[in-house]
Structure formats: C-alpha cells, structure tokens
Amino acid sequence: KTTYEVNYSTDELITASVKAIKQMDKIEPVQISYKEALLGVEQKGVTAQETRSNYQRIQYTGGLPDIIAYLQKETELTRRTLADILTKSGRLAEFAVNPQKFMDAVAGIISRELHRMMIDGIKYERIAEQEWSMRLFEDEEVLSYLNNRFEVKKSVYDAVVYDSEVERKFAEELDRREDIKLFVKLPRWFAIETPIGSYNPDWAVVKHDDETIYLVRETKGTKDFEKLRNSEADRIRCGRKHFEALKVDFDVVVSSGEV
C-alpha cells in the first residue's frame with residue numbers, strides 16, 4: 001500500500017484559473033419560456049395547438065450571496081486565493097446577472113484546474129509493512145449475471161466478471177497463452193487512493209518466461225486514453241505513479257499482445 005502527497009504552485013493555480021474563467025461562456029440572465037396551447041380531446045386522441053409563446057430574460061435583483069464562502073466550500077482554497085482569481089478574471093460583474101450560475105461555473109473551473117495540478121504534482125510513497133492480504137481473495141465470491149461471466153483456468157477464481165467486450169477478449173486470450181501463469185480481474189476492494197477518488201485497476205498478471213514478472217494492466221479501447229483530461233484518465237495517471245513507487249510494471253493496453 002502507499003500514501004501520497006501533492007505539490008502545486010498557488011501562483012500557477014491562480015494564473016491557470018484566471019485564464020480559464022476569462023474564456024468561459026458569458027453568464028446570461030435567467031430566461032423564462034411561456035407557452036399557451038389549446039388541447040382537444042377527441043375519440044382519436046388528444047391534440048394540441050400552440051396559440052401563444054413568449055421568452056423573457058429576468059434580471060436578478062435580490063441580495064447577492066457570499067461568493068467567497070461558497071467557493072471555499074467547493075474548492076477548500078483560501079479566501080485570499082479565491083479573491084485574487086475573481087478580481088483578476090475581469091468577469092466579476094457577471095456575478096450580479098445570475099449569481100448561482102456564475103458561482104457554479106467558476107467553482108467548476110477552479111476545481112478542474114486544481115485537480116489537474118494535483119494530479120501532475122502527486123507523489124506516492126510505499127507504506128512500510130502494509131500490504132493487501134491474499135486472504136481477501138478467499139473471502140470474496142465472484143457474483144455476476146450470466147451474460148458478463150467468462151470461465152477461465154488460469155485465475156484465482158474459476159471465472160472472470162468483465163465490464164466490456166475488450167475485457168472479455170483480453171481474459172480469453174490470456175487464458176490461452178502458455179507464458180501466462182496466473183491472472184485476475186482485480187476486485188473492487190483493491191483500490192488506490194487519489195485526490196479525486198479511488199482507482200481500481202483492471203488486471204494483475206503473473207508472466208513467466210526467463211524470469212517471473214508481475215504486471216498490472218488497465219484495458220481500454222484505445223492507447224490514447226491517457227491523453228484525455230477527465231476524472232477516469234486522471235485516476236489512471238495516479239495509479240501509474242502508485243505502481244512506479246512500488247516498482248511494479250503498469251501500463252494501459254488494448255489487447256493481450258501488449259502484455
């Protein structure tokens with residue numbers, strides 16, 4: 001098992017957040033849509049004929065909420081950092097137009113930039129004498145519906161529960177290979193902690209050729225998956241750094257031929 005720490009520059013976070021907020025869509029007033037129609041109830045069914053429609057933008061006139069307190073709750077950043085981001089963005093005037101939409105948009109942008117920097121600056125370290133117990137495999141049963149269960153011979157279980165056709169084909173090919181001594185679809189309890197939630201890798205593989213090699217693999221439909229900036233790809237990036245700290249071979253693969 002490992003623990004992690006994250007390092008990022010507050011100045012870089014402010015700069016990146018300001019740039020992203022400047023580029024976000026303009027915050028518009030609330031728009032109300034009003035329609036009237038005549039309903040006809042006949043033997044053949046119900047009919048409707050629109051007779052009137054109107055759209056109106058409503059300028060907000062109520063009291064303004066505490067935006068700093070709201071953003072603090074959403075991002076856990078200091079008031080000073082948040083104040084710097086808001087003032088330097090040049091978009092604060094739009095807060096009065098639609099307060100909730102503005103706060104949600106800004107909170108989302110700051111959170112994404114913060115997560116990106118945390119992922120890029122994360123560092124894992126091994127926790128001494130803390131490892132997963134093999135007994136956990138004995139205590140767990142493989143439960144699934146018949147349509148996503150594939151029987152295998154070279155695993156700690158007699159079947160693999162797969163989430164996609166890519167995983168089913170991967171398991172089928174590994175089970176046929178002579179150089180693969182053991183593989184397992186890692187259970188849900190095998191989770192690596194990250195700043196944006198836990199990450200559950202796909203496969204653990206024991207390969208035997210001239211030497212025994214222990215591998216961890218993530219199966220995806222494309223090798224370019226890690227180029228994406230989304231929560232799943234970011235968790236996989238953290239998983240890669242976790243296994244680097246343990247000196248375990250980890251990679252994202254499309255097929256068993258890459259193992």
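Could you list all residues from segment 157-173 that are in a helix (DSSP H, G or I) and within 12 Å of Pro187 (Cα to Cα)? None - no residue of segment 157-173 is in a helix (DSSP H, G or I) and within 12 Å of Pro187 (Cα to Cα), so the list stays empty.
Select from segment 186-227 the residues that are among the hydroxyl-bearing types (Ser, Thr, Tyr) and modelled with pLDDT of 80 or more and list them in ascending order.
Thr194, Ser198, Tyr199, Tyr214, Thr219
Could you tell me how many of the residues in segment 119-138 are in a strand (DSSP E or B) and either touching a Gly at 6+ places or on another chain (Cβ under 9 Å) or open to solvent by less than 90 Å² (accessible area, probe 1.4 Å) (or both)?
2
Filter segment 98-118 down to residues that are charged (D, E, K, R) and open to solvent by 50 Å² or more (accessible area, probe 1.4 Å) and give me whichever is farthest from Ser17 (Cα to Cα). Among those that are charged (D, E, K, R) and open to solvent by 50 Å² or more (accessible area, probe 1.4 Å), it is Lys101.
Note on segment 84-95: residues that are open to solvent by 40 Å² or more (accessible area, probe 1.4 Å) and part of a loop (DSSP other than H, G, I, E, B) amount to 1.
Of all residues in segment 8-36, those satisfying the criterion of being in a helix (DSSP H, G or I) and without any contact (Cβ under 8 Å) to a residue 40 or more places away in the chain are Asp11, Thr15, Lys19, Gln23.
When Thr212 is tested against (1) over 20 Å from the mean Cα position of the chain (by Cα); (2) buried (at least 19 other Cβ atoms within 10 Å of the Cβ), just one condition goes unmet, and that condition is (2).
Of all residues in segment 178-190, those that are surrounded by 15 or more Cβ atoms within 10 Å (Cβ to Cβ), in a loop (DSSP other than H, G, I, E, B) and touching a strand residue (DSSP E or B) at 6+ places or on another chain (Cβ under 7 Å) total 1. Suppose the filter is part of a strand (DSSP E or B) and at pLDDT 90 or above; does Glu5 pass it? Yes: the conditions hold for Glu5. Listed by first and then second residue, the pairs linking a residue in segment 61-89 that is without any contact (Cβ under 8 Å) to a residue 24 or more places away in the chain to a residue that is loosely packed, with under 13 Cβ neighbours inside 10 Å, with Cβ atoms under 8 Å apart and 6 or more places separating them unless they lie on different chains, are Ile68/Arg79; Gln72/Thr78; Gln72/Arg79. Any idea which of (1) under 30 Å from Lys185 (Cα atoms); (2) modelled with pLDDT of 85 or more; (3) open to solvent by less than 70 Å² (accessible area, probe 1.4 Å) is the one Lys153 doesn't satisfy? For Lys153, the exception is condition (3). Considered as a group, the residues in segment 37-53 that are in contact (Cβ under 8 Å) with a residue 12 or more places away in the chain and open to solvent by less than 70 Å² (accessible area, probe 1.4 Å) include one that is nearest to Asn98 (Cα to Cα), and that residue is Ser53.
Which residues, taken from segment 96-105, are touching a residue at least 60 places away in the same chain (Cβ under 8 Å) and in a helix (DSSP H, G or I)?
Scanning segment 96-105 gives Lys101, Phe102, Ala105.
Only residues that are part of a strand (DSSP E or B) and open to solvent by 90 Å² or more (accessible area, probe 1.4 Å) were counted in segment 55-68, giving 3. Residues in segment 69-83 that are of a type outside the set (Ser, Thr, Tyr) and surrounded by 19 or more Cβ atoms within 10 Å (Cβ to Cβ): Leu71, Leu77, Leu82.
Evaluated against (1) at pLDDT below 90; (2) touching a Phe, Trp or Tyr at 6+ places or on another chain (Cβ under 9 Å), Gln49 falls short on exactly one condition, (2).
The values are calculated or read from the model by the stated rules, or taken from the named source; none is laboratory data. What you see is a predicted model, and the numbers here were worked out from it, not measured in a lab. Quick reminder, even Gly has a Cβ in these numbers, built from the backbone with ideal geometry, and neighbours come from all protein chains shown. Note: areas computed on protein heavy atoms with side chains; ligands, DNA, RNA excluded. Shrake-Rupley method; radii C 1.70, N 1.55, O 1.52, S 1.80 Å.
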